[in-house]
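Trainee: Dropping a structure here in structure tokens format, bear with me for questions.
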Amino acid sequence: MTLLFFGLFAFSLLVSFIATRMVRDSATRRGLVYSPTEGRHVHQNALPRLGGVAIFLAFSFTLVVWLGLSVLFPRLREGLAPATLFRIYLPACVIFGLGIYDDLRGASAYIKFIVQALAATMLFAGGMRVLDIPLIFGSHSLPWFAGLPLTILWVVAVTNAFNLIDGLDGLAAGSALFSTMVFFIVSLVVHSSIGALMSVTLAGAILGFLRFNFNPATIFLGDSGSLFIGFMLSALALAGAQKAPTFVAVAIPVVSFGLPILETSLSIVRRLISGRPVFTADREHIHHKLLALGFSHRQVVIVLYAVSALFAMLSLFLLWPTGSTLGLVLAVVGTGVWLGVQHLNYLEFGELRRVAQRTIDQRHIVINNLSVRRAIEELKLANELSQIRRVLVAAFENNDFDAFELVLKAGNGDYTSSSNDQARPLHWSKFPHMAAISTQPSWKLTLDLVNTSNQRRGSLVVYRMYGPRDLQLDVNLLTSEFPTALANALDRVMNTPAVFAAARQDSSYLAANL
């Protein structure tokens, strides 16, 4: 068997190498090239994107040769079931046809999902299905009406995951090669001859193509290649589930597909957080982020190869699952993913951290909000300038603002603070002098004070120094009810004839009352 697998690998690699060169040259002569889209793609030149044709041809021709030889030499079929091979190969042809159509004419996301769901249903009907989910349902087998949607979900997710990471030369094909090698090893361990046969054949086809796809690429994988490879790997995982122990069948594919699954999960979560459609293309994938950090094209691919190799190695540890092994794998994967995402500086996850911090600080936010709400209620009853001052100081001295300044306007009079700090009565500050805040980096918010009769009664300017701590206050409280309540209070006070006359004639009156 070892000689058979080695021969199939070498033959598939050779056919893929020759077919890739022929497809590349033919597509270039016919003008079937793909021009880069500004702002989205990183390549500069128009190149053919039908590399999947070469991989499919190499894979198919190698299997045909094996079937032909097995007729002449029946020993080559020992432990191998051609019927199982066809139950995987036929829906794979459907996916390949979808990829070719998308490469040449373009297919909408909905058409892709419908065809992929159809191919997944064909797998399910052929016996390749999600049998159980041990982490949720234990060892209980799932009924067909639960297994079918889960099978479709698995196939669609993995198929599109490899399509999603196909953004740099050699990235998707190289990552798939590591996963394919894992499946070959697992198939040997669990004595799944058909899984070993198909995985080693697929590995040879990918490696032969990779010679022309590694940076600088002369041909792209295209959807015909990425969808076909992703589908084949999802199908091989389902086929392996029939032979392998439950834990191995579930855990190893998930870990070995670590990079494409991580990329897909990040993309979906990012777009949901930012309110964008899930299927919107952008330049915020992992490889784009690494390019933005200063890595070259080739360096990014090598780094992500190393990540794929690490996931592949960790998945093989699960062939002999124990409590300590599982804990080690989960710890390494979890820590690596967490640190990696932190260094990629996604804005969406920074916003999640901010929301989490505000949740932790919610008690302080409630206290500060209540101080403003309490001030609104007290301003409704205030009839003297001294009362207004006490209410304002009480509202701001214990929250995150550092100063305020009140500019009054009543009738034709405009009461403002003078340039002399000692003669500025209409302010309050946490600093010894109001002028001190102007020497610090700070921002200010100006609230126009308009009463319920839509008359302007001045403005309130609040100041806050810049700092690492977020503002622990709902600013909407300050910009909605608070200005109106303060304007109405000032209206009552400043329209009192005695107060208004005294205020116009002597600013010391305001100093004494404010």
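Laboratory data are not the source of any read-out in this text; all were calculated from the coordinates shown. Source: prediction; values computed, not measured. Cβ: placed from backbone, ideal geometry, glycine included. Neighbour counts: every protein chain shown.
Trainee: Given the rule -39500 (n - 2.57) for each run of at least 4 DSSP H residues, summed and divided by the residues of the chain, what is its mean residue ellipticity at 222 nm, to the nearest 500 deg cm²/dmol?
Mentor: For the chain, the value works out to -21500 deg cm²/dmol.
Trainee: Under a point spin-label approximation (7 Å from Cα along Cα-to-Cβ), what is the ARG354-ARG21 distance to one decimal in nm?
Mentor: 5.6 nm
Trainee: Something else now. Return the FRET efficiency for the residue pair TRP144, SER265: r is the Cβ-Cβ distance, R0 is 30 Å, and the value is rounded to the nearest 0.05. Let's see the in-between values first.
Mentor: Numbers: r = 28 Å, r/R0 = 0.92.
About 0.60, to the nearest 0.05.
Trainee: Roughly what % of Cα-Cα distances in the chain sit above 39 Å, to the whole percent? Numbers along the way, then the final one.
Mentor: Numbers: 60374 of 131841 pairs.
Taking all Cα-Cα pairs of the chain, the fraction more than 39 Å apart is 46 percent.
Trainee: Ok, one more. By its C-alpha gyration tensor, with a ≥ b ≥ c as the square roots of the eigenvalues, how is segment 2-253 shaped: rounded for a/c under 1.5, else prolate for a/b larger than b/c, else oblate? Can you show the working numbers first?
Mentor: Details: a/c = 1.94, a/b = 1.29, b/c = 1.50.
In terms of gyration-tensor shape, oblate.
Trainee: Using modelled amide H (1.01 Å from N, peptide plane; none on Pro or chain starts), what sits under 5 Å from the amide H of TYR34, excluding residues fewer than 5 places away?
Mentor: Counting only residues 5 or more places away or on other chains, the set is LEU47, ARG49.
Trainee: Grab the beta carbon distance between VAL65 and ASP282, set R0 = 35 Å, and tell me the FRET efficiency rounded to 0.05.
Mentor: On the way: r = 43 Å, r/R0 = 1.23.
Computed FRET efficiency for VAL65 and ASP282: 0.25.
Trainee: Modelling each spin label as a point 7 Å along the Cα-to-Cβ direction, I'd like the ARG211/LEU339 distance in nm, to one decimal.
Mentor: With each label placed 7 Å out from Cα toward Cβ, I get 3.8 nm.
Trainee: Net charge near SER26: determine it from the other residues with C-beta under 15 Å of the C-beta of SER26, scoring Lys and Arg +1 and Asp and Glu -1. The partial results should precede the final answer.
Mentor: Details: positive: ARG21, ARG24, ARG29, ARG30, ARG49; negative: ASP25, ASP103.
Overall, the nearby charge balance is +3.
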